Structures are given as C-alpha cells and as structure tokens.
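The values are calculated or read from the model by the stated rules, or taken from the named source; none is laboratory data. Computed from a predicted model, the values in this text were never measured in an experiment. Note that we place each Cβ from the backbone using ideal geometry, even for glycine, and neighbour counts take in every protein chain shown. Only protein heavy atoms, including side chains, enter the accessible area calculation; ligands, DNA and RNA are left aside. Shrake-Rupley method; radii C 1.70, N 1.55, O 1.52, S 1.80 Å.
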Amino acid sequence: MVNYTYLGHACFMLDDGNSKILVDPYLTGNPKALIAADKVKCDYILISHAHGDHLGDAPEIAKKNDAQIVAIPEILAICEDRVRGLKGIPMNLGGTVKLPFGFVRMTLAFHSSGVAGGVACGFVINIGGKNFYYAGDTALFSDMKSIGQRDKLTAAILPIGDNYTMGIDDAAIAAQMLNVPYVFPIHYDTWEIISQDVNEFKSRAEEIARTEVEILQPGESWEFE
Ligand code: NI
Ligand code: MN
C-alpha cells in the first residue's frame, strides 16, 4: 500500500507505512497549504529545484525530523547554509539512489534551477513496488516518453499551471507520452498567474491519453493497493 497525499502547490507526500517521502515542501507562505511546516513528519525530503515554491521549508523540516534530503549538490549547499548539520544524499540527472523504500531516479526537467550552476530535475520514486513520476517544474519534452518506457509508471504528478511550466494542453500530451494510468495535477491556482481550469485539463488528458486524472484538494490522499 502506498498513499499519495497532496499538500498544496507542488508539495506532496508518499508513504508506504514505513517511509514518508516529502517532496518540494513549500508550506510557509503557501496560500494553499493546510499543514504548517513544523507539523510535518517525514523521513526523506526530495527537492526538484531551488525556487522558493519548491525548496520552501526543506532545511527546517529536515532538521526537525532528522530527515535526509535528496537533491543536487548545489541545493544541498543552500540547505546547509540555512541550517547546519543536515543529512544530504547528493545526486544528479540520470542517477539512481537505492533507499530502504525502493529507489529515487533523478530525471530531466526543462526549467531554470534557482541556483547558480544547478539544474532543475524531476524524480521517479519507487516505493512499495510502485513508480511515481514527479515532473517538477518543466516544459513538455519528448523524452518524457522514455521515462514511461524506462519504468512502468503507477502515477504521474504533473504541473498544469502554465506561465512557469507546462499548461493544460502540454500536460495532457505529457500524460499521453508517459503512458501512465493515473495523473495528479499540481502547480496551479496557487496564484492568479497560474490559475487553470483543472476540469478542462482532466477532460483533455482523458480524451487523448489512457489515463485517469484525479483532482485532489490540499490535504486529500489517494491510496494505491
Ligand atoms: Ni520553478
Ligand atoms: Mn514552481
């Protein structure tokens, strides 16, 4: 059993009952966040890039939970500058790290990184025998097809907000290329500039891709058996 919980904007949690993986924990200042940064429990924190709406509260949450941060070295350095004595797992694009719950593979993302010398990334997270693809902030790119071929995906977590990332049309094409049975839309409606009709995304994606789009509100979960 693996639980996916949406925590607002691009933040979510994957939990197999043993390991809690928190991704892009932007909670303080996040108008959509229901949970405060000092209330979150986790064992691992994955950070896709250094923009504030992704790196967020990661250093403070990591310290409080004694959690390990998985990110590129440039991001680990930012976290360490903010809070001393953190546990980091450095990796980079194309790399795979085995962890007690499964593995984390770092994938391409086309987006600015928010840190000099850095790159933005996505992740394939293998937990409880299931593969979750988180695209991070990204444009649509045709190699998404190879991500869906490399690992049989259980679900994809895709930005649909447009302006800073893919919008609903490109995210629907991404769902098609990934060949993924479930899609969770994120990174929309947090601010006016990324407001989107998520139901329109659902109908477009389900029209062109063999997928089910699940629209979760912050705080809601989806359980995978
Ligand atoms: Ni960004
Ligand atoms: Mn963002």
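When the residues of segment 134-162 are filtered to those that are within 25 Å of residue 191 (Cβ to Cβ) and either modelled with pLDDT under 95 or in a strand (DSSP E or B) (or both), the one that is nearest to ligand 1 (Cβ to nearest atom) is 159. Just the residues that are assigned to a strand (DSSP E or B) and open to solvent by 30 Å² or more (accessible area, probe 1.4 Å), please, taken from segment 106-118. Within segment 106-118, 108 is the sole residue that qualifies. For residue 71, the criteria (1) within 16 Å of ligand 1 (Cβ to nearest atom); (2) open to solvent by 20 Å² or more (accessible area, probe 1.4 Å); (3) aliphatic (A, V, I, L, M) hold in every case but one, which is (2). With respect to being part of a helix (DSSP H, G or I) and crowded, with 22+ Cβ neighbours inside 10 Å, residue 78 falls outside the description.
Output the residue which, of all residues in segment 119-166 that are within 13 Å of ligand 2 (Cβ to nearest atom) and of a type in the set (Phe, Trp, Tyr), is surrounded by the most Cβ atoms within 10 Å (Cβ to Cβ). Out of the qualifying residues, it is 134. Note on segment 13-29: among residues that are buried (at least 22 other Cβ atoms within 10 Å of the Cβ) and within 15 Å of ligand 2 (Cβ to nearest atom), the one that is farthest from residue 190 (Cα to Cα) is 23. Residue 202 passes every criterion in (1) more than 14 Å from ligand 2 (Cβ to nearest atom); (2) surrounded by fewer than 22 Cβ atoms within 10 Å (Cβ to Cβ); (3) closer than 28 Å to residue 74 by Cβ apart from (3).
For segment 30-71, name all the residues that are away from ligand 2 (no atom under 16 Å from the Cβ) and either in contact with a Ser or Thr (Cβ under 8 Å, 6 or more places away or on another chain) or in a loop (DSSP other than H, G, I, E, B) (or both). The answer is 34, 35, 36, 37, 40, 41, 42, 43, 44, 66, 67. Would it be correct to say that residue 124 is part of a loop (DSSP other than H, G, I, E, B), closer than 22 Å to residue 140 by Cβ, under 17 Å from the mean Cα position of the chain (by Cα) and not basic (Lys, Arg)? In short, no. Beta carbons closer than 6 Å, at least 6 apart along the sequence or on distinct chains, pair a first residue in segment 151-164 that is under 19 Å from residue 222 (Cβ atoms) with a second that is within 16 Å of ligand 1 (Cβ to nearest atom) and of a type in the set (Gly, Ala, Ser) for 158/135; 158/171; 160/171. The set of residues from segment 1-14 being in contact (Cβ under 8 Å) with a residue 40 or more places away in the chain and away from ligand 1 (no atom under 16 Å from the Cβ) comprises 1, 2, 3, 4, 5, 6, 7, 14.
Kindly indicate whether any position in segment 33-56 is over 25 Å from residue 146 (Cα atoms), surrounded by 14 or more Cβ atoms within 10 Å (Cβ to Cβ) and among the hydroxyl-bearing types (Ser, Thr, Tyr). Taking every residue of segment 33-56 in turn, at least one turns out to be over 25 Å from residue 146 (Cα atoms), surrounded by 14 or more Cβ atoms within 10 Å (Cβ to Cβ) and among the hydroxyl-bearing types (Ser, Thr, Tyr).
Only one of 189, 170 is modelled with pLDDT of 95 or more and either of a type in the set (A, V, I, L, M) or part of a helix (DSSP H, G or I) (or both). Can you tell me which? Outline the logic, then answer.
Values: 189 fails: either of a type in the set (A, V, I, L, M) or part of a helix (DSSP H, G or I) (or both).
Only one candidate passes the filter, namely 170.
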